[in-house]
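Please treat every number below as a calculation from the coordinates, not as lab data. Since the structure is predicted, the reported quantities are computational estimates derived from the model, not experimental observations. Note: ideal-geometry Cβ built from the backbone for every residue, glycine included; neighbour counts use all protein chains shown.
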Number of protein chains: 2
Amino acid sequence: MMKNYFWGLALVLVILGAVYSGYRVHDFVRNPKIGEPVRFEPSVMPQPRLMELNRERFQIDRQFSIGYSSYLGEKSLLAVNRFMKNLGTISAVDFAQQLYTKENLSSEGSLLIMCTREGETRLGESESYTLNISNDLILLRAESELGILHALETLLQLATSDERGWYFPGGKIEDEPRFAWRGLMIDPCRHFISKETIMRNLDAMAAVKLNVLHLHLTEDQGFRIESKRFPNLHLKGSDGDYLSQDDIRDIVHYADLLGIRVVPEFDMPGHTTAWFPGHPELATIDSVYTIARTWGVHDPVFNPARESTYQFLDEFIGEMAALFPDPYFHIGGDENNGKHWSRSPEIAAFKKEKKFKDNHELQVYFIDRVKEIVKKHGKTTIGWGEILDLGMDKAIITQFWWPRMKDMEKALAAGYRGIISNGYYIDLFETAESHWLRDPVREEYIKNPELEKQILGGEATMWTEFVTDELFDKRVWPRTAAIAERFWSEKSLWDIDTMYERLDAVSRHLDRLGIRHLQIYDAGLRNMAGITNVEPLRTVMDLLSPVRSYRRHQLYIEANGRKYTQATPLTRPVDYAWSDAPAARKFNQTVRRYLDAPKMNAALHSNIKEQLELWKNNHIALEPLLKARPQLREILFHSENLSKASAIGLEALKFVKKGKTAERHWGEVHLKTLNAMKEPAGEMELQILAAIDQIVIKAANVPVE
Amino acid sequence: MMKNYFWGLALVLVILGAVYSGYRVHDFVRNPKIGEPVRFEPSVMPQPRLMELNRERFQIDRQFSIGYSSYLGEKSLLAVNRFMKNLGTISAVDFAQQLYTKENLSSEGSLLIMCTREGETRLGESESYTLNISNDLILLRAESELGILHALETLLQLATSDERGWYFPGGKIEDEPRFAWRGLMIDPCRHFISKETIMRNLDAMAAVKLNVLHLHLTEDQGFRIESKRFPNLHLKGSDGDYLSQDDIRDIVHYADLLGIRVVPEFDMPGHTTAWFPGHPELATIDSVYTIARTWGVHDPVFNPARESTYQFLDEFIGEMAALFPDPYFHIGGDENNGKHWSRSPEIAAFKKEKKFKDNHELQVYFIDRVKEIVKKHGKTTIGWGEILDLGMDKAIITQFWWPRMKDMEKALAAGYRGIISNGYYIDLFETAESHWLRDPVREEYIKNPELEKQILGGEATMWTEFVTDELFDKRVWPRTAAIAERFWSEKSLWDIDTMYERLDAVSRHLDRLGIRHLQIYDAGLRNMAGITNVEPLRTVMDLLSPVRSYRRHQLYIEANGRKYTQATPLTRPVDYAWSDAPAARKFNQTVRRYLDAPKMNAALHSNIKEQLELWKNNHIALEPLLKARPQLREILFHSENLSKASAIGLEALKFVKKGKTAERHWGEVHLKTLNAMKEPAGEMELQILAAIDQIVIKAANVPVE
């Protein structure tokens, strides 16, 4: 009888708990109390330069229509139809006007678009726009079509609903980008990234106002573009996974319509192993080459001593230059370790003849020759930091990652232009916040603020050692939206908490547009669990992040006695874990706020307590599954630790709540225990331990070291 | 203090409840009790003809390798590499052997493949195979490569894990298909279905051993294939959404490698509106045509009286015949309403000249002429039921939907062959079970069992009035796997419960292979909710199905005063609701089992009670969200009813449990209330009401009518 009563009560509580506990990943809209209406707050990322919302509301209904005055080009027409389709997807409103064409788009409509001229997809084109939203009319003005495209993306993010229906909040927006070059670099080489994935990511880029797609098309691990002139390059260098020239044309065309430039990169003289199975005569060392299958810097390198190398590159670059209309052309130039050059008698003789004192001078010679070829084909060279040379043509652009950051100021002062990728390596499993806080113009490197104008912008870089086509969206989004905001919005934006609110909103927005970051995570949990009820697994996974930076390589070797290869399955917990474990971030934020003033924050105390209770009991439920799925054993350590750490946290929380101080020894013992849990396992770290440390420190009043 | 105790208790229960309640959609693996190990049961769909598993186990580890003796063709090589990649995805085992090529695939391996000859992708090719799995060796034998492909799909589905790691269960499988023609028809016309979606669905088809992709390429609402000979067909008939000839070549090539034939369909003389914007001279009525935007049978029709029509079709069919290597060529022939023919003086004159007494004879004349053209280009005609004519060439195949089913036996007896789609219209929102229970050979139509050999097989048909590219996988899978089983497996398979076990397993399997049916549902819930914690919404959605058959059209008109169009957003609850609401099915099954013998089934009583408690309390939590999202108001009625019906169910359940009988009047009142809840709303029906009826009937002992 007691048992029945217990379970009856339990059920009601289970229901209330399930509904209101609110501990689901990515659920950043607070669950309402019973009876309280749900409120959606409009939000835009990147944050517009000026956005003043008011209490007017433009109702989105079936009669909604678009009018267009003055210039109407192909870009605007696509933008208008994409906007209507996406607005339909989001709101499910069945608009009377179905498909806009040049013939049926009139100058009247409830959304009125005024644009004076075509928007060219080129560096420096005007991208500014203004939006005025009132009860009856939305007025959208821009100089070029590119402003229209951006304005429609802003407007789409503003679409909101409440009990009275779908609407755009009234207000005024004036917006323009801070930097003209806002890029995402995709490496389709280390793992192949398909045309479909690239096309889908163009939609996401457009949604957050990025305007450069940098395609890194050749690497040690794959030659990923079709060459009709030298077909053995892609046929022997790609395992059959490459972008055809038709694919490239489709990508470039669609990107152009979205106002996104496509800059190709052919990395040389190093990072070129995959060129050599098809064309070994290009290599420094005479050998039979195969595609590289492991990561890191490889030795194979172009032979810079032979004229035939430059003749080949002349033809190849000519072919590629014709395929990519953008005037900039990236030749890489990074990470040549010079080992093969040092081994080659031919190179030694050449260096002697040319009076080069080291491989660096030979590298400069090679890059200079290639720059001339690029120029001959009507393009301007870009290269990674290593190509920087204060004697070079001022038009050449340096893409700064870590090398030569210290020389940057000197180069900018000399009149060179740069784009910044240092700080935006999204392959390194860092948090959105850590990227977002790093401005392209950092005092550490640039003392003279005048030089900011020499920085064209930046690029997030998605290197694909740990990313497959299937995982791609998950590693790029939503973090890249935060970087896009750093490139677009005012430098004065520094509040992390509101950044994360915008990031959470744009993450849901991208999900609605068909970007797959959230779907990949759910499917990954199901794949690993083998069952569909993945909630206890999700609870742990939501709190884990891959180890940061390049540590995964070494940890894998330590655990397995071998390196990662191109074929290693990326379907383990570390592959699905978020770089920016959002549930951990939310918990850590709550703990920080609570500990600031425990007595003032009773509600936060309850949140933390509930959360820790849930975590404390999670492992016992999850353990049988972890044991039955070999790949899930990699989180056993963390799952156990989560329960143990939560128990410690609960104990400490009691002291804090009561305002009592625990014994110093108690605190030290627990801190030591927590510290041992910070070890990585399965190449992951549990992201809530520092917050629990803080509760213990507060409870035992342990002095912070 | 009481409150604190209450909430403390609540939390523990919430945790236990969340972990063990097991009420998540598609979670058909029972959650274990604490401490109990998780067990995965190997399962294969379609069920092999003979499968005897034993206690041996073949451990899947890094050393796993494949050896190949005798014939090794391009199909097998792709199959081997797909198998290794998929096995890696599922198990995360990092196999030492990475990429198999003709050069490195030796005759030794722990999985040994023996195959005597190439498998041709043609009707009637041998598809049988045997598998012997022991502790140390897997032996796979087949006559043709197609058997190898099927065997590897079977083996992949068998991969299982437990505390000792990943393994294949030992045993013996002997398998071959019952029917040679096992198809899925895709209509990329009404809504455009992209190349990528078609390619992805080829993987799913291969996984369940379907071997015909029937592409319905032209319709009133879209001409979806590039014609180089008559480019105005696709340019003016598709809004730019069509499959290029390169796309078709890629699809046909990949399908061929998977052993899947591609049969193109060009539906005529009706269903041809989209041909006419580009070529109005083909139409019966002289007019300016535009693409049809609404559904149903449209009047525009080819002009069968002009020789120029046949000259055009000769050239067009010649072009298309060269693009599709399969010897069968589908010309549609269905649903010509004859209205334009009856209106045309030119047609009247032609009928008089030819002495045709009605439009039917004219249709027969047209179809005969087209068959001859098809034959001239080296192909054999297929058509829908309407083309059946006992005087036609015996090689011609009839695809039976509903028309002419009654003439089928006569046709088969006369030596004609048929394929069956009647019963397999997956666009009609029916359950997997209702399709699976309908054998291609039904006594209702075929009295003479000898005639079975004249039935080549069947096709599931995915018409796309209510399916977009984004929704596609969700409407096709997993139900089509059940139809695939009906086409492949022994006729004697009739147990619905075990069918659903296999279906649930194969649904999870397809999810792991990248098929998007589950992902689309999750993303759809998030899109509609606008927040990520969609659990209360999921609870209702898991129990709703779209109204069956063609009712959605009429209900939409009644609710909105207008028809569905091609542009109506398909992002409402009815679009994301499962045809086969799995949580409802599970509940209904549990109720049925419980009511069979209430006293014997105390555990089932608890399950039902817990479930009803959860549902009873769901609406109050969900209501604010439903009100704040206009598209979710369409489920308000059902959400309220779910809570009310659950309350009734709980009341009735008490009587049943106690073995007492409620008053007859009480029962009748409640049945009436429940009956009113069966009305559709938002074009959906709540799928648990009949089960609650049964509890009430049992409780009050109401006589069943």
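Label-point distances for B:PRO403 to the equivalent site in the other copies, using a point 7 angstrom along Cα→C-beta, read 7.2 nm when ranked shortest first.
Taking every DSSP beta bridge that has both residues in the protein assembly as shown, what percent is antiparallel when rounded to the nearest 5? All intermediate terms of the calculation are to be shown ahead of the outcome.
Values: 56 of 142 bridges.
Taking every DSSP beta bridge with both residues in the protein assembly as shown, the antiparallel ones total about 40 percent.
Report, to the nearest 10°, how far helix A:618-628 tilts away from the longest principal axis of the Cα atoms in chain A, using its own Cα long axis and a range of 0 to 90°. On a 0 to 90 degree scale, this one is about 50. Protection proxy ranking of A:539-548, B:413-422, by the mean of other Cβ atoms within 10 Å over each peptide's residues and highest first, is A:539-548, B:413-422.
Relative contact order, percent, of segment B:181-515 when contacts are C-alpha pairs under 8 Å separated by at least 6 residues? The partial results should precede the final answer.
Values: 617 pairs, mean separation 61.6, N = 335.
Relative contact order comes out at 18 percent.
Sorting A:LYS236, A:LYS209 from the fewest to the most surrounding beta carbons within 10 angstrom yields A:LYS236, A:LYS209.
For chain B, what is the calculated [θ] at 222 nm in deg cm²/dmol (nearest 500), taking -39500 (n - 2.57) for each run of four or more DSSP H residues and dividing by its residue count?
For chain B, the value works out to -13000 deg cm²/dmol.
Spread over its residues, the convex hull of the C-alpha atoms of segment A:181-515 is 124 Å³ per residue. Distances between equivalent label points of B:GLU174 across the copies, with each point positioned 7 Å along Cα→Cβ, amount to 8.4 nm, shortest listed first. Sorted shortest first, the distances from the B:SER549 label point to those of the same residue in the other copies are 6.9 nm; each point sits 7 Å from Cα along Cα-to-Cβ.
Could you work out, residue by residue across B:92-104, how many beta carbons of other chains sit within 10 Å of that residue's beta carbon, and then give the average as an integer?
Working: counts 14, 5, 9, 4, 3, 1, 6, 5, 0, 1, 0, 0, 0.
The mean count of partner-chain Cβ atoms within 10 Å per residue comes to 4.
Quick check for me: using +1 on Lys/Arg Cβ and -1 on Asp/Glu Cβ, what's the dipole size of segment A:563-693 about its Cα centre, in debye to the nearest 20? Please list the in-between numbers first.
On the way: 20 positive and 15 negative charges, 77 e Å.
So the dipole magnitude of segment A:563-693 works out to roughly 380 debye.
A crude spin-label estimate for the pair B:GLU74 and A:MET199, with each label 7 Å from Cα along the Cβ direction, gives 2.3 nm.
Beta bridges assigned by DSSP with both partners in chain A are antiparallel in approximately 40 percent of cases.
Distance from the alpha carbon centroid of segment B:307-354 to that of segment A:262-322 works out to 56 angstrom. Entry note: the protein assembly as shown has Rg to Rh equal to 0.96, where both radii use alpha-carbon atoms and Rh is the Kirkwood radius. Mean silhouette area of segment B:104-205, derived from the convex hull of its C-alpha atoms and averaged over all directions, reads 9.4 nm². Angle of helix A:582-596 to the longest C-alpha principal axis of chain A, folded into 0 to 90 degrees and rounded to 10: 60°.
In nm, what is the difference between 0.36 nm times the number of residues separating A:LYS447 and A:LYS376 and their Cα-Cα distance? Walk me through the numbers before you get to the answer.
On the way: separation 71, 0.36 × 71 = 25.56 nm, distance 3.64 nm.
21.9 nm is the gain from fully extending A:LYS447 to A:LYS376.
Kirkwood radius and radius of gyration were both taken over the C-alpha atoms of segment B:528-700, and their ratio Rg/Rh is 1.01.
Where does segment A:475-539 land on Rg/Rh, using Cα atoms and the Kirkwood Rh? Before the final figure, lay out each step's value.
Details: Rg = 14.9 Å, Rh = 13.5 Å.
With Rh from the inverse mean 1/r over Cα pairs, Rg/Rh is 1.10.
In summary, the aspartates and glutamates within cross-link reach of B:LYS616, defined as a Cα separation below 14 angstrom excluding same-chain residues under 8 places away, comprise B:GLU640, B:GLU651. Bridging of B:LYS339 to lysines at a Cα separation below 18 Å is possible for B:LYS351, B:LYS352, B:LYS357, once same-chain residues fewer than 8 apart are set aside.
Which value, in debye to the nearest 20, describes the size of the charge dipole of the protein assembly as shown about its Cα centre when Lys and Arg Cβ atoms bear +1, Asp and Glu Cβ atoms bear -1, and nothing else is charged? Numbers along the way, then the final one.
Working: 178 positive and 196 negative charges, 743 e Å.
Dipole of the protein assembly as shown, to the nearest 20 debye: 3560 debye.
Per residue, the convex hull spanned by the alpha carbons of segment A:50-175 comes to 92 Å³. Listed by chain and number, the lysines whose alpha-carbon sits under 17 Å from that of A:LYS586, ignoring those within fewer than 8 places in the same chain, are A:LYS609.
Count charges around B:PRO325 for me, please; just the other residues with Cβ under 11 Å from its Cβ, Lys/Arg as +1, Asp/Glu as -1.
On the way: positive: B:ARG122, B:ARG249, B:ARG261, B:LYS379; negative: B:GLU120, B:ASP256, B:ASP326.
For residues surrounding B:PRO325, the net value is +1.
In this structure, the pairs whose alpha-carbon distance is over 27 Å, taken from B:LYS195/B:LYS474; B:LYS563/B:LYS678; A:LYS228/B:LYS85; B:LYS474/B:LYS698, are A:LYS228/B:LYS85; B:LYS474/B:LYS698.
Convert 4 °C to kelvin, take the viscosity as 1.567 mPa s, use the Kirkwood radius over C-alpha pairs of chain B as Rh, and evaluate the Stokes-Einstein diffusion coefficient in µm²/s, rounded to a whole number. Display every interim value, and only then the final one.
Details: Rh = 27.8 Å.
Once the numbers are plugged in, D ends up at 47 µm²/s.
Does anyone have the angle between helix A:517-529 and the longest principal axis of chain A? Alpha-carbon axes, 0 to 90°, nearest 10? The answer is roughly 70 degrees.
Pairs of Cα atoms nearer than 8 Å and 6+ residues apart set the relative contact order; for chain A it is 11 percent.
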